[in-house]
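Asker: Would you mind keeping the following structure in view while I ask a few things?
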Amino acid sequence: MDRFFQRIGSDFLYFLENTGRMGIFLLTCLVSVVTPPYRIKPVVKQIYFIGYRSVFVIIFTGLFTGMVLGLQGYYTLSKFGSEALLGSAVAVSLLRELGPVLTALMVIGRAGSAMCAEIGIMRNSEQIDALECMAIDTYKFVMAPKYIATILSLPFLTFIFNIIGILGGYIVGVTLLGLNSGSYFQGMYRSVVWADIQMGLIKSIVFGIMIVWISTSKGFHLQMERSGGFGAEGVSRTTTNAVVMASVTVLVWDYLISAIML
């Protein structure tokens, strides 16, 4: 029984320590983002890696997500004679929920894991310690470009996902199932309002902050993580932990933002 309560106390203290450590890390990174001097070239490089190189997987995922929504939505609405509402159902579903969430999950798997592993290897090989010994601000030099690039890239990737998803719904609903093209777009025009677009935009920005925060923090504090440690095995465990934590955090914040804004 004593060991049980000791384990609970130890886990609680570790949770508090980890939360405080990550909170201080986030504040320090955000301060470094807005503090001059501003370095454009590293930001462009990170936008290329996080944003541009994620475009293909976003297009592919968005297309088939829209096609599935079009297929399922058509057969569901046809039971009530409301096939004309397919365009609005596809558009609202993508703009409010599926677009920001699936885009964030794809970026976590493709770029978030890479950021965590990169910084974890830098920590493991003492490159971060070397930068600090040379009086180089690690947060400004390493973290700030990743933060700026991720926060800027997520809304644009979400926008691409939404457009391609709506196109996928059109392909299935209009081209394959014979729905009138005017009905598809007219229903979308009547139902989609600025609040839908605003919710998706806010979610994409918040998700971008969550992704880069968790990915970089886990890698930076590699040797302080219970799942971390020295060597390649520690990096792999920490990266896996970061991907899982970021994915769950995105889903939790998706619900919280929806509950606040609806």
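The values are calculated or read from the model by the stated rules, or taken from the named source; none is laboratory data. This structure is a prediction, so every number in the text was calculated from the model and none was measured. Note: ideal-geometry Cβ built from the backbone for every residue, glycine included; neighbour counts use all protein chains shown.
Asker: I'd like to check something: does the range 117-135 contain any residue that is touching a Gly at 6+ places or on another chain (Cβ under 6 Å) and part of a helix (DSSP H, G or I)?
Answerer: yes
Asker: Take the residues in the range 52-81 that are of a type in the set (Gly, Ala, Ser) and surrounded by 13 or more Cβ atoms within 10 Å (Cβ to Cβ), then tell me which one is nearest to the chain's Cα centre (by Cα).
Answerer: 54
Asker: Over 22 Å from the mean Cα position of the chain (by Cα), among the aliphatic types (A, V, I, L, M) and either surrounded by 17 or more Cβ atoms within 10 Å (Cβ to Cβ) or under 25 Å from residue 158 (Cβ atoms) (or both): is that true of residue 85 in this structure?
Answerer: yes
Asker: Quick test for you: out of 179, 152, 167, pick the one residue that is of a type in the set (A, V, I, L, M, F, W, C), part of a loop (DSSP other than H, G, I, E, B) and at pLDDT below 95.
Answerer: Unique residue meeting the criteria: 179.
Asker: Restricting the range 1-57 to residues that are touching a residue at least 40 places away in the same chain (Cβ under 8 Å) and aromatic (Phe, Trp, Tyr), which is farthest from residue 109 (Cα to Cα)?
Answerer: Filtering first and then ranking leaves 14.
Asker: Does residue 138 satisfy the condition of being of a type in the set (Val, Ile, Thr) and more than 30 Å from residue 165 (Cα to Cα)?
Answerer: yes
Asker: Tell me, yes or no, whether the range 162-179 has at least one residue that is buried (at least 20 other Cβ atoms within 10 Å of the Cβ) and hydroxyl-bearing (Ser, Thr, Tyr).
Answerer: yes
Asker: Which of (1) in contact with a Ser or Thr (Cβ under 8 Å, 6 or more places away or on another chain); (2) closer than 30 Å to residue 122 by Cα; (3) β-branched (Val, Ile, Thr) is the odd one out, the single condition residue 174 does not satisfy?
Answerer: (2)
Asker: Among residues belonging to the range 1-51 that are of a type in the set (Gly, Ala, Ser), at pLDDT 80 or above and surrounded by fewer than 16 Cβ atoms within 10 Å (Cβ to Cβ), point out the one that is nearest to residue 214 (Cα to Cα).
Answerer: So, considering only residues that are of a type in the set (Gly, Ala, Ser), at pLDDT 80 or above and surrounded by fewer than 16 Cβ atoms within 10 Å (Cβ to Cβ), the one nearest to residue 214 (Cα to Cα) is 23.
Asker: Now, a different point. When the range 116-159 is examined, which residues are found to be surrounded by 14 or more Cβ atoms within 10 Å (Cβ to Cβ) and of a type in the set (D, E, K, R)?
Answerer: 118, 123, 137, 140, 146
Asker: Additional query: Name the residue that is modelled with the highest pLDDT, counting only residues in the range 219-235 that are surrounded by fewer than 18 Cβ atoms within 10 Å (Cβ to Cβ) and not in a loop (DSSP other than H, G, I, E, B).
Answerer: Out of the qualifying residues, it is 233.
Asker: Moving on. Taking the criterion of being surrounded by 23 or more Cβ atoms within 10 Å (Cβ to Cβ), polar (S, T, N, Q) and touching a Cys at 6+ places or on another chain (Cβ under 9 Å), would at least one residue in the range 183-204 satisfy it?
Answerer: Looking for residues that are surrounded by 23 or more Cβ atoms within 10 Å (Cβ to Cβ), polar (S, T, N, Q) and touching a Cys at 6+ places or on another chain (Cβ under 9 Å), one finds none in the range 183-204, hence no.
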